[in-house]
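S.K.: If you scroll down you'll find the structure; I have some questions about it.
The values are calculated or read from the model by the stated rules, or taken from the named source; none is laboratory data. None of the values given here were measured: they were computed from a predicted structure. As a convention, Cβ positions derive from the backbone with ideal geometry for all residues, glycine included, and neighbour counts pool all protein chains shown. Note: accessible area is taken over every heavy atom of the protein model, side chains too, but ligands, DNA and RNA are not part of it. Shrake-Rupley method; radii C 1.70, N 1.55, O 1.52, S 1.80 Å.
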Amino acid sequence: MDNNLVDLVEYDIYHVVAEPEFTALFMLGADDLAETVEDADAEMRLPDGTRWSASFMTAGAIDTVMNRWSETGEHGGGVFFACSDLVIIPKAGVAAMVEAFRVILAEGPQGTLGKLE
């Protein structure tokens, strides 16, 4: 379904999922697959023009990042993880992320997602 919230060129850049209530743009890495991705930044666009950001991660993806940081010394050697628009999902994949967007939108994105200007 095309709800005209995405420019054609954005379909080449992002993994786009169009829902009746919103359009989600996922920034997947070159090696990421939509079915198995555990860590992706995303934007949710609403028909009224508002835009919201989310950093989706599974608990396993957070663990992987923190373990890497403990080895590299980044972020205090991995002693903390902070992200203002973090949404932790129980399983991998864009489908789980879209489901989270549906529930967040139903409950109201304020306080969970970052509002984009």
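S.K.: With springs connecting C-alpha atoms under 10 Å apart, model the chain as a Gaussian network and identify which of GLY78, GLY29, GLY60 has the largest mean-square fluctuation.
M.R.: Among GLY78, GLY29, GLY60, the largest mean-square fluctuation in the Gaussian network model of the chain belongs to GLY78.
S.K.: Report ³J(HN,Hα) in whole Hz for each residue of the range 16-25, in order, from the Karplus equation J = 6.51 cos²θ - 1.76 cosθ + 1.60 where θ = phi - 60°; Gly and Pro get x.
M.R.: Working through the residues one at a time gives 9, 10, 9, 10, x, 8, 6, 10, 10, 10 Hz.
S.K.: Something else about it: Averaged per residue, what accessible area in Å² does the chain show with a 1.4 Å probe, protein chains only?
M.R.: Accessible area per residue, the chain: 58 Å².
S.K.: If you don't mind, another one. List every residue whose amide H lies under 5 Å from the amide H of ILE89, counting only residues 5 or more places away in sequence or on a different chain, with H placed 1.01 Å from N in the peptide plane.
M.R.: Long-range HN contacts for ILE89: MET57, THR58, ALA59.
S.K.: Out of the trypsin sites (Lys or Arg not before Pro) in the range 11-117, which ones are loop residues according to DSSP with at most 16 other C-beta atoms within 10 Å?
M.R.: Counting only loop positions with at most 16 other Cβ atoms within 10 Å, the trypsin sites (Lys or Arg not before Pro) in the range 11-117 are LYS91.
S.K.: Roughly how tilted is helix 94-107, in degrees to the nearest 10 and between 0 and 90, from the longest Cα axis of the chain?
M.R.: On a 0 to 90 degree scale, this one is about 70.
S.K.: If you take the Cα atoms of the chain, find Rg, then find the Kirkwood Rh from the mean of 1/r over all pairs, what is Rg/Rh?
M.R.: Radius of gyration relative to Kirkwood radius: 1.00.
S.K.: Let me ask you something else. Of ASP32, ASP85, ASP63, which has the most accessible area with a 1.4 Å probe, and how do the rest follow in descending order?
M.R.: Heavy-atom accessible area, descending, gives ASP63, ASP32, ASP85.
S.K.: Still on this structure: Between GLU19 and VAL79, how high is the FRET efficiency from 1/(1 + (r/R0)^6) when r is the Cβ-Cβ distance and R₀ = 41 Å? Nearest 0.05.
M.R.: Efficiency, from the Cβ-Cβ distance: 0.60.
S.K.: Could you work out how far apart the two model spin labels at MET27 and ALA96 are, taking each label as a point 7 Å from the Cα in the direction of the beta carbon, and quote it in nm?
M.R.: 2.1
S.K.: What value, in deg cm²/dmol to 500, does the helix sum -39500 (n - 2.57) over DSSP H runs of n ≥ 4 give at 222 nm once divided by the residues of the chain?
M.R.: My calculation for the chain gives -9000 deg cm²/dmol from helical runs alone.
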